[in-house]
Every structure is written in C-alpha cells, then in structure tokens.
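*Asks:* First the structure, then my questions, so here it is.
The values are calculated or read from the model by the stated rules, or taken from the named source; none is laboratory data. Note that the structure is a prediction, hence the values are computed from the model and not measured. Using ideal geometry, Cβ is built from the backbone for each residue, glycine included, and neighbour counts are taken over all protein chains shown. For the accessible areas, the whole protein counts, side chains as well, though only heavy atoms, and no ligand, DNA or RNA atoms are used. Shrake-Rupley method; radii C 1.70, N 1.55, O 1.52, S 1.80 Å.
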Amino acid sequence: MLYPLAETTECDFKRELETKKPKSWLKSVSAFANGIGGKLIFGIDDSGEIVGIIDAQKSAEAISDLIKTRITPTPQFILTLEKEQEKSVLILTIEAGRATPYYYKADGIREAYVRIGNESIVAPDYILNELILKGKNQSFDALTSDVKKEDYSFTLLEATYYERTLLKMEPKDYFSFCLADKRGYLTNAGRLFADQYIVYNSRVFCTRWNGLEKGSVFDDALDDKEFEGNLIYLLRSASDFIKNNFKVRFYKDVEYRVDKPDYAERAVTEALVNALIHRDYIVLGSEVHINMYDDRLEISSPGGMFDGKAVQEHTIADIGSMRRNPVIADLFHRMKFMERRGSGLKKIISETEKLPGYNESLKPIFYSDGSSFRVILKNVNYGTTKVSDKVSDKVSDKVSDKLNEKEKCFFNVLMTLAKQHDFVTTKVVAEATGMPEATTRRYLAKFSKMDIIVSDGKNRSKKYYLKNTSMTEANP
C-alpha cells in the first residue's frame, strides 16, 4: 500500500497504540466521524517512517473495544492489517458519520472533535451546534423561532418575488416555502427575509481599498459601507457597492464598441448569492465581507464547505449540491437569483472566461477552511495598458506653456501616477509630491478646470481620473 507522505486532514499517523492514554488517538476518531472521514495508521511515526505494530491482533481488539466504549454514538469503521517491509501496520478507516456529533467520553467529560488541517481540536460552539442540527437532519434556516409573522412586514420579499416570477406571493406560500409554520411563527429563514433587521448576523461589510492590501479604514479606504437586514436588500446593496467601485472600459472597433468591464456582472452576482445562502448564520458576531482592491475582488463568508472538505480539494466541475441553508437556497432559486443547484461556482468561472482580455491567469480562485469560504475574482483590466499611457504626451503638450515651474513638477508626478493607477486620490498625490493636502487639492482643482482630469466622489473618497478623448472609462 502507498501511504501518505505526511499527516493531512484525512490521515493521522500513530507510532503505537496507546491504551492507557487512548484520547491521544480517539479524538481523531471523533474528528473524522464528525467530518469527511479519514484514516488512522498505527505503526508509522510522525515523519512517515514505518516502525510496525508488535502484536497486531491484540492491538486490533483493543482499538475496537475502545472505540465502542469511548466514542458515542459508535461510528462506522473498518480495521485492516497491512504488511510493509516485513512490519505490521494497522489501518483504521473511519467513515463520515450521519448521526453527528460523535463524542469522546471519559471521566465524566464529553467532547466532540473536528479536524482542522492535520490536527484534531475540540469543536467550537458554532460548529458543535451545526453538527447537532446535521445529526437531526435539520438546518438552521428551517428551525422555527418564537417570532410571530404578523408582527413583521415582508414588502421587499413580496415585491421582488412578483417582479422576478410574475406571481403574487400568497399567505399560504409562507408555509409551503418553509418561512413560517402553521401557527404563524417564523422560521429562521422567514426572519432573514423580513423587512426589519431581526437576525443580528445578517450583515455585509464592504470596503474599497486604495492599492493591493488592506490598511486603515479611515486612511486607506476609498469607500466603505455596512449593510444589515433582509437578504434581498443585502444582495442588492452589496451588488451596487461593487458596481460603483469598478469601471467598464471600452474601445472602438471598426464597426462597434467593445465593453471591457473589470469583472463579469453575472459572476459577481453568483458569488454574492453563494455567500448569502451558504454562509453559517450560527456564528455569533459574523458577517459577509467584501474587499475590493486595485487588482481583485474578494468575497468572504462564515462557514466552510458543508461537506467538511476544503473547496480547493474538490474538482469544481464535480461539486454536488450540498446546501447548509436549503430553505433560503430554494427561495433564491424560485426568484431566479441563482441557477440550478450546484452550478454556482462553475457559473462564476464560465462568466469570467467570457470577458474581453481574459486568460488562464485570471481564473477565479475559491478557498475554504473549517470556518470560512472565500471567492477571489481578478480584475481583468489590471496591469493592462492604461488610457494615460496613450494620451499623456498629448496632454503634456497641451498644458506645458500654461504652467509655472512648480505646477509643471506637480503635473509630471501626476502623469507618472496616472500611468501606474486607474485613479488617484489627494492623499496619494500629496505623498508622492511631498506637498500638504490642502495645496494638493488646489493644484488638482486647477487641472480639473483645465479639463485635464475629472473627479468623482466627495471629500476623502474623491477620485481623480485622467481625461481621455479616444478611449473612455466610466462606471457601469
């Protein structure tokens, strides 16, 4: 048998069977059963060297007995004996369990474990709660709350449902869509679609950073917004924020104009929908985060893949439909915000591939761990020849004879920055020129009046673009 080279999420090595301290390996049995399953290999040390088990038969009996007495409920497992280099190796295969959580119990203590990387750790409360729901074949969004439907309004939901389906949402639909029970109490999904803000974790934080990395929101954020409440409102508000902070360039072909947006609008929508319907709402104090940089857009949501396996370990084309919040997903599907189940990530890729200027290096990236999921969309226009490169010489000739020496120096710096960035801010120009921000604003105002640059926004979020006559950049 070929053994893994190192311990992984699905594999753990044990040099020998410890019967006096069985927790050292039984916690991995609990973690594997609570996750995607895995293997414990006895007779191999941490470095991957085969050392062998002395009495394999006795060890196999001890493993079975300890699992049955210390792990509850008892998970499905298989024990096999392998001979390698004339040494005995015991392989304990633990199946992914359905009756989660699987606890390790001893001395009056009961703990459930999960696998994070190559370690087995005690499950945090929010993961434990999700395991409990999974074991009961329930989902958070389908649980009934103590909130009465009659105490809240659903104007946005009903208007959006009619707009996108041309069907009126009837009172009985709240029960059939699992938004409320027969007594009129809302489910958690119903609470998330109410006009009022009644689920604290239903929030989206959005930031457009200046540059390629995060900084201080007060100094380095060109735009930032916080939205909270109804899921449809969050989807629309987050989508508007992204649209307002990326550009659609275009160039004129022989017969028509070709748009060159930074991101595919449909891919952005799919990523936002994915974040809202598949996120873990049990995690207290959590929210979806949208971070925009010059070269990329990142959308992060609480909760990893529902099957427990990291998305980067999947083949995207083969990912099936496993939904953490099936009620929310079903309603979004009815309103045509998402395509058929299980196709969202593939749609993000296929829509991005349609963009002019796309190449394989710009393929969307998906990453998840035990507590979060992240989608990274790359700006297909970042690093390409900018408008300023084509017009700076023409602009320089136009203004050279109208500026004094200080203004010419300032203008040369501004042109250099314009070639390096899609836009500049007062702070960026001030740092580059060494001038006070007040003086910088005065100079920028002069160039605006000379029709060389144009501005967008107010105060600290104000952006300056080099004006161009042959190729235009505009907000979508």
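*Asks:* Which condition from (1) in contact with a helix residue (DSSP H, G or I) (Cβ under 8 Å, 6 or more places away or on another chain); (2) over 21 Å from Leu128 (Cβ atoms); (3) surrounded by fewer than 18 Cβ atoms within 10 Å (Cβ to Cβ); (4) not small (Gly, Ala, Ser) is the one that Ile277 breaks?
*Replies:* Every condition holds for Ile277 apart from (3).
*Asks:* Which of (1) touching a helix residue (DSSP H, G or I) at 6+ places or on another chain (Cβ under 7 Å); (2) among the hydrophobic types (A, V, I, L, M, F, W, C); (3) in a loop (DSSP other than H, G, I, E, B) is the odd one out, the single condition Leu297 does not satisfy?
*Replies:* Only one criterion in (1) touching a helix residue (DSSP H, G or I) at 6+ places or on another chain (Cβ under 7 Å); (2) among the hydrophobic types (A, V, I, L, M, F, W, C); (3) in a loop (DSSP other than H, G, I, E, B) is unmet by Leu297, namely (3).
*Asks:* As an exercise: evaluate Asp65 against (1) modelled with pLDDT of 95 or more; (2) part of a helix (DSSP H, G or I); (3) of a type in the set (D, E, K, R); (4) under 30 Å from Leu234 (Cβ atoms) and give the number of the one condition it does not meet.
*Replies:* Failed condition: (4).
*Asks:* Kindly check whether there is at least one residue in segment 379-393 that is surrounded by 14 or more Cβ atoms within 10 Å (Cβ to Cβ) and modelled with pLDDT of 90 or more.
*Replies:* yes
*Asks:* What is the residue count in segment 128-174 for residues that are open to solvent by 50 Å² or more (accessible area, probe 1.4 Å) and polar (S, T, N, Q)?
*Replies:* 5
*Asks:* Which condition number in (1) within 15 Å of the chain's Cα centre (by Cα); (2) surrounded by 16 or more Cβ atoms within 10 Å (Cβ to Cβ) is the one that Phe241 fails?
*Replies:* The one condition Phe241 does not meet is (1).
*Asks:* Moving on. Just to be sure I understand the filter: pairs with C-beta atoms under 8 Å, separated by 6 or more residues or on different chains, first member in segment 360-372 and without any contact (Cβ under 8 Å) to a residue 24 or more places away in the chain and part of a helix (DSSP H, G or I), second member of a type in the set (Ser, Thr, Tyr) and open to solvent by less than 60 Å² (accessible area, probe 1.4 Å). Which pairs pass?
*Replies:* Matching pairs, first to second residue: Leu362/Thr352.
*Asks:* Additional query: Have a look at Glu228, Glu213 and point out the one that is farther than 25 Å from Arg266 by Cβ and surrounded by 16 or more Cβ atoms within 10 Å (Cβ to Cβ).
*Replies:* Going through Glu228, Glu213 in turn, just one is farther than 25 Å from Arg266 by Cβ and surrounded by 16 or more Cβ atoms within 10 Å (Cβ to Cβ): Glu228.
*Asks:* Do any strands (runs of 3 or more DSSP E) lying entirely in segment 71-161 carry at least 2 residues that are touching a helix residue (DSSP H, G or I) at 6+ places or on another chain (Cβ under 7 Å), and which ones are they?
*Replies:* Output list reads 77-84, 87-94, 103-106, 109-116, 144-148.
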